[in-house]
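Worksheet: the structure to be examined is printed underneath.
The values are calculated or read from the model by the stated rules, or taken from the named source; none is laboratory data. A quick note: this is a predicted structure, and the numbers were derived from the prediction, not measured. Here Cβ is always computed from backbone atoms with ideal geometry, including for glycine, and neighbour counts include all displayed protein chains. Keep in mind that these areas ignore ligands, DNA and RNA; they rest on the heavy atoms of the full protein, side chains included. Shrake-Rupley method; radii C 1.70, N 1.55, O 1.52, S 1.80 Å.
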Amino acid sequence: MTRLTRADLDAIPAYVAGRSPADLARDLGLPEAIKLASNEVPFGPLPGVVEAVTAAAAGSHRYPDPAAVVLRDRLSARYGVPADRLVTGCGSVAICENLARATCLPGDEVIISWRSFEAYPIVVAGVGATAIRVPNTPAHGHDLDAMAAAITDRTRLVFVCNPNNPTGTSVRRAELDRFLDSVPENVLVVLDEAYREFITDPDVPDGIDTYADRPNVAVLRTLSKAWGLAGMRIGFLVAAPEVAAAVRKVTTPFSTNLLAQAAALAALDQEEEMRRRCALVTGERDRLTAELRKLGQDLPESQANFVWLPLGDRSAAFGAALESRGVIVRPFQGDGVRVTVGTAAENDSFLAAAADAL
Ligand code: PMP
């Protein structure tokens, strides 16, 4: 058949969706299965979100506010950044795409740490740019010196994922300062802080407070994780006004949809409850880390809502072994297994299954 689509897309791996817990439970004949695979927070939507979304649904026949003005003003007040530096989007992954579209032409280079967020190479390939993968340090974190050294005349963008998905590692203030000082001013550094709210180490800087005034730094946040809105698809970017304006130009119109805007506003009213839930998650994260270390596993310290088991070649087998015990985790072939922190009871079930499987 005549080729109708770009040949270079053949090299992009297709997205592999995780198993649904309902399907797995049915196959195993269990009352339920546990999903610890997608870095969601397990406590349901924040109070008031369902009501706000339900009320907003009455206006579903109308387009939403394309500029999400009310939400942008709200984020502006909450995060202390002028609204012209903010861009909302259909999840922060869509903003990653728009950042690539706003900065890269075919043949340009984007530097990422590897392993990091799986979507980065896909997004980069989508615009015909080349992802330069700089290997993680032996401790599973970003090698910022090597990333800085990888910058060439063709580099347009660098993704720094802090904390890093899937390894949970973080870069600290001093090394990030040094790195940002070394990046040429015509290269945009994206600090992806999808898991910011789970950070408990005071040495890991808040990118918005610390770096957002730098013209070549853009900070990405999401409401999918700590704010409990993964299904609503909403994230935001803080960047220099010129960068924000360019990203807005390539953003699909109305992609911050009506219900997402309503949900975000309701969630942002619940900061205290969000923090309470995050504290439960981080307490459980530290417990999971300690328990897995007792089982002899060499885990890096996580500052996110997941932990990383660097099982190498045994990753797929471990994932399958857990699945057969009704627990869905996220194996990355040949590398490691990411386990999202669940409720205390879910984590207990995971630990029992992991002890068995290991
Ligand atoms: N960045 C990182 C590092 C992530 O892990 C994720 C979600 N897995 C995202 C961005 C995208 O999140 P969302 O599109 O739901 O905002």
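Which residue, of ALA244, ALA239, ALA304, ALA266, is within 15 Å of the ligand (Cβ to nearest atom) and either among the basic types (Lys, Arg) or at pLDDT 95 or above (or both)? Reasoning before the result, please.
Values: ALA244 fails: within 15 Å of the ligand (Cβ to nearest atom); ALA239 fails: within 15 Å of the ligand (Cβ to nearest atom); ALA266 fails: within 15 Å of the ligand (Cβ to nearest atom).
Within the list ALA244, ALA239, ALA304, ALA266, the selection yields ALA304.
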- Query: Which of the residues belonging to the stretch 110-136 are more than 20 Å from LEU9 (Cβ to Cβ) and either in contact (Cβ under 8 Å) with a residue 24 or more places away in the chain or in contact with a Gly (Cβ under 8 Å, 6 or more places away or on another chain) (or both)?
  - Reply: ILE111, SER113, ARG115, SER116, ASN136
- Message: Under 7 Å between Cβ atoms, which residue pairs at least 6 apart in sequence (or on different chains) link something in the stretch 189-215 that is within 11 Å of SER170 (Cα to Cα) with a partner that is of a type in the set (Lys, Arg) and at pLDDT 95 or above?
- Response: GLU193/ARG221; TYR195/LYS225; ARG196/ARG221; ASP203/ARG172; ASP203/ARG173; VAL204/ARG172; PRO205/ARG173
- Query: Out of the residues in the stretch 177-193 that are open to solvent by less than 10 Å² (accessible area, probe 1.4 Å) and within 19 Å of the chain's Cα centre (by Cα), which is farthest from the ligand (Cβ to nearest atom)?
  - Reply: VAL189
- Task: Specify which of the listed residues (GLU301, GLU346, GLU272) is touching a residue at least 40 places away in the same chain (Cβ under 8 Å) and not in a loop (DSSP other than H, G, I, E, B).
- Result: GLU346
- Message: Go through (1) outside any helix (DSSP H, G or I); (2) open to solvent by less than 30 Å² (accessible area, probe 1.4 Å); (3) of a type outside the set (A, V, I, L, M, F, W, C) for ARG233 and report which single condition fails.
- Response: (2)
- Task: Considering only residues that are open to solvent by 50 Å² or more (accessible area, probe 1.4 Å) and under 18 Å from the mean Cα position of the chain (by Cα), look in the stretch 91-116 and name the one that is nearest to the ligand (Cβ to nearest atom).
- Result: GLU97
- Message: On the basis of being away from the ligand (no atom under 13 Å from the Cβ), open to solvent by 20 Å² or more (accessible area, probe 1.4 Å), outside any loop (DSSP other than H, G, I, E, B) and of a type in the set (S, T, N, Q), does THR210 make the cut?
- Response: yes
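If only one of TYR63, TYR120, TYR79 is of a type in the set (Phe, Trp, Tyr), assigned by TED's automatic domain parsing to the domain that holds SER170 and within 24 Å of ALA7 (Cβ to Cβ), which one is it?
Values: TYR63 fails: within 24 Å of ALA7 (Cβ to Cβ); TYR79 fails: within 24 Å of ALA7 (Cβ to Cβ).
Answer to the check: TYR120.
Suppose the filter is more than 30 Å from ALA150 (Cα to Cα), surrounded by 12 or more Cβ atoms within 10 Å (Cβ to Cβ) and either within 16 Å of the ligand (Cβ to nearest atom) or of a type in the set (Lys, Arg) (or both); does GLU40 pass it?
yes
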- Query: So which residues in the stretch 213-228 are within 16 Å of the ligand (Cβ to nearest atom) and either assigned to a loop (DSSP other than H, G, I, E, B) or open to solvent by 30 Å² or more (accessible area, probe 1.4 Å) (or both)?
  - Reply: LEU223, SER224, LYS225, ALA226, TRP227, GLY228
